[in-house]
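Participant: This is the structure I want to talk about, given as structure tokens.
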Amino acid sequence: QVHLVESGGGLVQAGGSLRLSCATSGRIFSRTTMGWFRQAPGKGREFVAAIIWNGGEDAYGDSVKGRFTISRDNAEASVYLQMNNLKPEDTGVYYCAARGPYFSILATSQNEYRYWGQGTQVTVSS
């Protein structure tokens, strides 16, 4: 069974920080690029960050560069998103995604990711 579970979302004041976690199962984590996307109400999914299988390369959406950091722990089969200096426009549902086994190049389009979690809500107040 393929299973991705996000956690760590919540309500935070502008300027604050949150750390999201994504725990994976189903033998899809190793050798795969992992990503984070977000979706604001009434909007499509937006690319946030991605990281390759060994953590050696990563990528970020323009709106979060310099504020968010993606990382992974292969021993724990988990990926993380550290979000600093949060802004109200960061509000949305954040989704963890996996490209699939051995798909290990960076990707920024949601169509390039096969497996998705259910999402965790992040709300940034003014």
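Participant: Taking only pairs six or more apart or across chains, which ones have beta-carbon atoms under 9 Å, a first residue in region 48-65 that is within 12 Å of LEU81 (Cβ to Cβ), and a second residue that is part of a loop (DSSP other than H, G, I, E, B) and small (Gly, Ala, Ser)?
Facilitator: VAL48/GLY61; VAL48/SER63; ALA49/GLY61; ALA50/ALA107; TYR60/GLY66
Participant: Here's another thing I want to ask about it. Would you mind telling me which numbered condition in (1) closer than 28 Å to PRO88 by Cα; (2) in contact with an Asp or Glu (Cβ under 8 Å, 6 or more places away or on another chain) ASP58 fails?
Facilitator: Of the numbered conditions (1) closer than 28 Å to PRO88 by Cα; (2) in contact with an Asp or Glu (Cβ under 8 Å, 6 or more places away or on another chain), the odd one out for ASP58 is (2).
Participant: Something else about it: When you check VAL93 against the structure, is it among the aliphatic types (A, V, I, L, M) and open to solvent by less than 30 Å² (accessible area, probe 1.4 Å), yes or no? Reasoning before the result, please.
Facilitator: On the way: among the aliphatic types (A, V, I, L, M): yes; open to solvent by less than 30 Å² (accessible area, probe 1.4 Å): no.
In short, no.
Participant: For region 66-82, name all the residues that are touching a Gly at 6+ places or on another chain (Cβ under 9 Å) and either among the hydrophobic types (A, V, I, L, M, F, W, C) or touching a residue at least 40 places away in the same chain (Cβ under 8 Å) (or both).
Facilitator: Within region 66-82, PHE68, ILE70, ASN74, VAL79, TYR80, LEU81 qualify.
Participant: Take the residues in region 5-39 that are touching a helix residue (DSSP H, G or I) at 6+ places or on another chain (Cβ under 8 Å) and either farther than 16 Å from GLU89 by Cβ or of a type in the set (A, V, I, L, M, F, W, C) (or both); name whichever of them is least open to solvent (accessible area, probe 1.4 Å). Write out each step before concluding.
Facilitator: Step one: of region 5-39, the residues touching a helix residue (DSSP H, G or I) at 6+ places or on another chain (Cβ under 8 Å) are 14, 37-38.
Filter once more, so that each one left must be either farther than 16 Å from GLU89 by Cβ or of a type in the set (A, V, I, L, M, F, W, C) (or both): 14, 37.
Details: ALA14: 52, PHE37: 2 Å².
Checking each candidate, the answer is PHE37.
The values are calculated or read from the model by the stated rules, or taken from the named source; none is laboratory data. These numbers were taken from a predicted model, which means no experiment stands behind them. Using ideal geometry, Cβ is built from the backbone for each residue, glycine included, and neighbour counts are taken over all protein chains shown. When the accessible area is computed, the model is the full protein with side chains, heavy atoms only, and any ligands, DNA or RNA have been set aside. Shrake-Rupley method; radii C 1.70, N 1.55, O 1.52, S 1.80 Å.
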